[in-house]
Structure formats: C-alpha cells, structure tokens
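The values are calculated or read from the model by the stated rules, or taken from the named source; none is laboratory data. This structure is a prediction, so every number in the text was calculated from the model and none was measured. Heads up, the Cβs are rebuilt from the backbone with ideal geometry, glycines too, and the neighbour counts pull from every protein chain shown.
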Amino acid sequence: MNLPVTNPIVRNVPLDKIDSYKLFLDLAEKKFEGYCYLSVLGKYGFEESILLISNGQIIGTIFLISGYDVELYGKEASLYSINSYGAGNGILNIFSLTPDQTKLILLFNEKIKFPVNIKDKKGNTIFKDIKYNERILEEILKEKIKIDRSNREILNEFNLNDLLREWLHDIIY
C-alpha cells in the first residue's frame, strides 16, 4: 500500500523521546488528519504499525512483521499496532493528510477500516500506561516460528535412523 509522504509532521523521532499518551491526546484534541508510521525492532524482527487518523480518531490500522510475512489489517491489526507504542526502541514518523486523501485511502483499502476512539469519556487515551507485550506477538507467529529441534528428532521425523543403521551396518560388515 502506498501512502503519501508529502507533509511530514514528525520525522524519524526515537519513540523513547516521545510520550505516546501525550502525543495521541494532542492528536485527538487537534482533530489531526493523517497517519502515524512506527517501526520497532522487536524479538521477531521489524514491526511496522500504521494508524490512520481522521478528525482526531483512529479510523484504520495496519500491522506488519516483514521477516515472517505477517500482514494484519483493521480489527486484526489494532491490538498489535497499539502494542508497538509501548516499545522503547521504535522510530516514529507522522504525516499530515487532507480529509480527501484520508477518504481515498479508506476507499481503496477497506480492509484497514477499524475505528478506535483515542480518548475515552474521562479524557484518557488508550495509550495511557501502555507497555510493550512480546507475548501477544507469539500468538500470531506460533505457526511461523521455527522450533529448535535436536538432530535425533529430525532423524526420527524422516525415518533416517533406520537408513543410517542400515548404511552403517553395510559399511561395517
């Protein structure tokens, strides 16, 4: 998916220099129009989180882990995208868009739609006291994470033990 990068508001800022709670509170209050692109180096590689924001509210989410070909959109991506803002080792970019650009992005990418209120009725954001949780990634990666196996397990899986015995028997005798 191609997103416009013409109006950067924040460029390549380390996430540990930003208070996510205050940032999103500010974006909500100013009725921000655009998107936040966050790249985090996690245990399983680079995680990319994109939050599309319109009128100060999250209206679309994308979450990617390139090393495992994980691409999540909309509701599926929201938890993982928001989790990324709890990491301390990310790089944040924020780009401003016009309302028409935001609408076009959603029009051509309906799968990313998932509205999330940034602020609750008390004025708190969903980013308050957020902590990065590596375990939630294991759930989506459990099928893709390679399991360390011993040589014996690999030999047993392919019935190579019997072949190896026969081969050794033929060599010795």
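Mind counting the residues in region 21-43 that are of a type in the set (Ser, Thr, Tyr) and within 11 Å of the chain's Cα centre (by Cα)?
2
Okay, residues lined up against (1) in contact with a helix residue (DSSP H, G or I) (Cβ under 9 Å, 6 or more places away or on another chain); (2) closer than 16 Å to Met1 by Cα; (3) at pLDDT 90 or above:
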{"residue": "Tyr35", "(1), (2), (3)": "yes, yes, yes"}
{"residue": "Lys43", "(1), (2), (3)": "yes, no, no"}
{"residue": "Ser54", "(1), (2), (3)": "yes, no, yes"}
{"residue": "Gly60", "(1), (2), (3)": "yes, yes, yes"}
{"residue": "Ser81", "(1), (2), (3)": "no, no, yes"}
{"residue": "Leu104", "(1), (2), (3)": "no, yes, yes"}
{"residue": "Lys113", "(1), (2), (3)": "yes, yes, yes"}
{"residue": "Asp129", "(1), (2), (3)": "yes, no, no"}
{"residue": "Arg135", "(1), (2), (3)": "no, no, no"}
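Exactly one of these conditions fails for Tyr73: (1) under 15 Å from Leu51 (Cβ atoms); (2) at pLDDT 95 or above; (3) exposed (fewer than 13 other Cβ atoms within 10 Å of the Cβ). Give me its number.
Checking Tyr73 against (1) under 15 Å from Leu51 (Cβ atoms); (2) at pLDDT 95 or above; (3) exposed (fewer than 13 other Cβ atoms within 10 Å of the Cβ), the one that fails is (3).
All but one of (1) touching a residue at least 12 places away in the same chain (Cβ under 8 Å); (2) within 25 Å of Asn117 (Cβ to Cβ); (3) of a type in the set (D, E, K, R) hold for Arg11, so report the exception by its number.
It fails just one condition, (2).
With Ser20, Ser49 as the choices, which residue is closer than 19 Å to Ile130 by Cβ and either of a type in the set (Val, Ile, Thr) or in contact with a Leu (Cβ under 6 Å, 6 or more places away or on another chain) (or both)?
Unique residue meeting the criteria: Ser49.
For region 127-140, state whether one or more residues are among the β-branched types (Val, Ile, Thr), in a loop (DSSP other than H, G, I, E, B) and closer than 26 Å to Ser66 by Cα.
The answer is yes; a qualifying residue exists.
For region 82-117, give me the residue count where each residue is part of a loop (DSSP other than H, G, I, E, B), of a type outside the set (Gly, Ala, Ser) and crowded, with 20+ Cβ neighbours inside 10 Å.
Of the residues in that region, 2 qualify.
Which residue pairs have Cβ atoms closer than 8 Å, lie 6 or more positions apart in sequence or on different chains, and pair a first residue in region 29-58 that is more than 13 Å from Leu97 (Cβ to Cβ) with a second residue that is of a type in the set (Phe, Trp, Tyr) and assigned to a strand (DSSP E or B)?
Pairs that qualify, where the first residue is more than 13 Å from Leu97 (Cβ to Cβ) and the partner is of a type in the set (Phe, Trp, Tyr) and assigned to a strand (DSSP E or B), are Ser39/Phe46; Val40/Phe46; Glu47/Phe63; Glu48/Tyr37; Glu48/Phe63; Ser49/Tyr37; Ser49/Phe63; Ile58/Phe114.
When you go through (1) aliphatic (A, V, I, L, M); (2) in contact with a helix residue (DSSP H, G or I) (Cβ under 9 Å, 6 or more places away or on another chain); (3) in a helix (DSSP H, G or I); (4) crowded, with 21+ Cβ neighbours inside 10 Å one by one for Leu27, which number turns out not to apply?
For Leu27, the exception is condition (2).
For Lys22, state whether it is of a type in the set (D, E, K, R) and touching an Asp or Glu at 6+ places or on another chain (Cβ under 7 Å).
no
Do we find that Leu79 is touching a Ser or Thr at 6+ places or on another chain (Cβ under 6 Å) and in contact (Cβ under 8 Å) with a residue 24 or more places away in the chain in this structure?
no
Kindly provide the set of residues from region 5-20 that are part of a strand (DSSP E or B) and either more than 20 Å from the chain's Cα centre (by Cα) or under 16 Å from Leu51 (Cβ atoms) (or both), ordered by number.
Pro8, Ile9, Val10, Val13
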